[in-house]
1. Mind telling me which of the residues VAL232, VAL286, VAL239, VAL280 ends up being more than 26 Å from VAL147 (Cβ to Cβ) and in contact (Cβ under 8 Å) with a residue 12 or more places away in the chain?
2. From the list ILE370, ILE374, ILE309, pick out the single residue that is under 20 Å from ALA273 (Cα atoms) and hydrophobic (A, V, I, L, M, F, W, C).
3. Looking at the stretch 212-241 only, could you name the residues that are within 14 Å of the chain's Cα centre (by Cα) and open to solvent by 50 Å² or more (accessible area, probe 1.4 Å)?
4. Looking at ARG350, ARG389, ARG321 in this structure, which one is under 18 Å from the mean Cα position of the chain (by Cα), open to solvent by 10 Å² or more (accessible area, probe 1.4 Å) and not hydrophobic (A, V, I, L, M, F, W, C)?
5. Could you check, for the stretch 48-70, whether at least one of its residues is modelled with pLDDT under 80, over 22 Å from the mean Cα position of the chain (by Cα) and either surrounded by 20 or more Cβ atoms within 10 Å (Cβ to Cβ) or more than 23 Å from GLN125 (Cα to Cα) (or both)?
6. Taking the condition touching a Leu at 6+ places or on another chain (Cβ under 8 Å) and under 30 Å from ARG221 (Cβ atoms), does ASN139 pass?
7. Need the failing condition index for GLN261 against (1) in a helix (DSSP H, G or I); (2) out of contact with any helix residue (DSSP H, G or I) (no Cβ under 6 Å at 6 or more places or on another chain); (3) not aliphatic (A, V, I, L, M), just the number.
Amino acid sequence: MKPSDLKFAKLFAGSGAVTLVNAFRAFAINKLLAIFLPPAAFACVGQFLNLMSIGQATSSLALQNGWTALTAQNKNSGETLLGVWHGGIRLTTFASLFTFMVAVVFCFVAPLDILLPGVPVRLAQAAILFALPGIFATNIITITAAVMNGMGENRKWAAINIVSSLWQVLWVAFFLYTARLSVLSIIATQSIVAAFFAVRVASRAGFSVRQVWKTALDTRRPWFSYALMGLVPMVATPVVLTFIRTMVTSHFGNDAAGIWQSVWKVSDFLFMAMSAILTVVLLPQVSPKMQRGEFFKMFHPLFLRVMGISLAMVVVLYFARSILVQILFSQAYMGAVDYLPVQLVGDFLRAGGYALALVLIARAETTKFIVVEIGSELLLAAGTFVGIRLFDFNGPMLAYAFENFVYLVVLYVLVRRLKWNTP
């Protein structure tokens with residue numbers, strides 16, 4: 001076995017193990033919610049998670065990939081790395097304070113009865129307030145895990161992800177069973193305790209928030225590109241998904257929105273698996289300092305492996321989709337089986353597109369990345385709008401597959417045309 005193949009196998013095995021645990025976490029939480037909630041309420045939880053995603057994006061500035069890439073690029077630079085970390089923490093702190101102030105105002109002025117139908121306004125307000133420490137905790141877990149990835153501390157990266165996932169499952173299961181909190185408040189607070197563990201693990205690897213905060217160095221400039229590249233998809237995606245869910249609800253009803261939500265959740269599971277693997281295997285290896293030949297020698301075999309793995313996963317899920325829906329959700333969601341094949345085509349294409357997008361992120365190709373992301377989100381929204389009128393309930397799934405096809409082709413052309421140090 002070649003050294004490159006051996007390295008890929010080790011990284012894939014390690015990230016694959018973490019992905020399995022994360023998949024178990026996502027499966028367990030969704031299964032619990034599907035058992036305790038009808039489809040309409042399940043769709044409402046998905047809407048609340050979209051609101052939390054926006055809060056996490058704006059409070060963290062969506063810098064997860066930046067934490068990994070900048071740490072990997074500067075891990076041997078000593079004081080320079082401390083300055084980069086300090087700049088990232090300060091930016092995240094200011095963004096979090098701003099987000100939390102906006103969230104407090106939002107929970108009292110927003111039309112929560114429309115955004116979260118069926119949920120009493122007071123419970124919705126309480127859930128949003130509970131979400132603030134939950135979002136802060138999620139940001140801590142994300143930052144510490146990303147730093148461990150960038151430093152090459154794969155075991156500590158795995159420990160943070162695995163323990164956080166298991167704790168979230170226990171948290172949701174306990175409070176759903178005891179009914180001591182509302183469902184939305186349970187979802188909002190599931191990461192709080194795990195954040196303390198993440199901080200402890202990261203400090204042992206040299207990433208101490210207290211030490212970083214005290215350093216006099218403050219390097220913020222490299223972060224702005226990563227902030228823009230992270231914020232655009234993390235804000236745009238929940239907005240577009242909210243639009244799609246509203247379209248489905250208005251045309252087909254609340255229960256149909258729950259069926260669509262379950263189809264989208266399957267895509268989330270697949271994307272979570274592929275993105276977790278790619279951020280470990282690909283992101284730390286790409287640098288603007290690479291030569292053109294060096295990059296493509298590394299990237300082309302990896303890209304083919306990614307597409308092969310994605311195809312294998314999609315084929316397995318296609319033939320097992322009836323069992324999959326019963327396992328992940330419940331009998332009430334069996335209608336999703338008929339709509340999964342087209343969605344899985346989009347999932348296959350999405351994996352390749354994400355691998356190409358990571359190249360732009362690692363190289364801080366901000367303008368190219370943002371234009372493609374905004375264009376793809378607008379294409380998905382417009383495709384859904386037209387698709388529902390032409391293909392009824394199949395419309396959102398067909399729009400998703402078409403959007404990912406265009407996304408993959410456009411990104412491949414852009415990556416081929418990037419300028420490197422040498423021809």
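1. Only one candidate passes the filter, namely VAL239.
2. That would be ILE309, the only listed residue that is under 20 Å from ALA273 (Cα atoms) and hydrophobic (A, V, I, L, M, F, W, C).
3. MET234
4. Exactly one residue qualifies, and that residue is ARG350.
5. no
6. Working: touching a Leu at 6+ places or on another chain (Cβ under 8 Å): no; under 30 Å from ARG221 (Cβ atoms): yes.
No.
7. Of everything listed in (1) in a helix (DSSP H, G or I); (2) out of contact with any helix residue (DSSP H, G or I) (no Cβ under 6 Å at 6 or more places or on another chain); (3) not aliphatic (A, V, I, L, M), GLN261 misses just condition (2).
Results for (1) in a helix (DSSP H, G or I); (2) crowded, with 21+ Cβ neighbours inside 10 Å, shown as yes or no for each residue.
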{"residue": "VAL102", "(1), (2)": "yes, no"}
{"residue": "VAL119", "(1), (2)": "no, yes"}
{"residue": "LEU129", "(1), (2)": "yes, no"}
{"residue": "GLN190", "(1), (2)": "no, yes"}
{"residue": "ALA194", "(1), (2)": "yes, yes"}
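The values are calculated or read from the model by the stated rules, or taken from the named source; none is laboratory data. Every value quoted in this text rests on a predicted model; they were computed, and no experiment measured them. All Cβ positions, even for glycine, are placed from backbone atoms using ideal geometry, and neighbour counts span all protein chains on display. We work out accessible area using only protein heavy atoms, side chains counted, and drop any ligands, DNA or RNA first. Shrake-Rupley method; radii C 1.70, N 1.55, O 1.52, S 1.80 Å.
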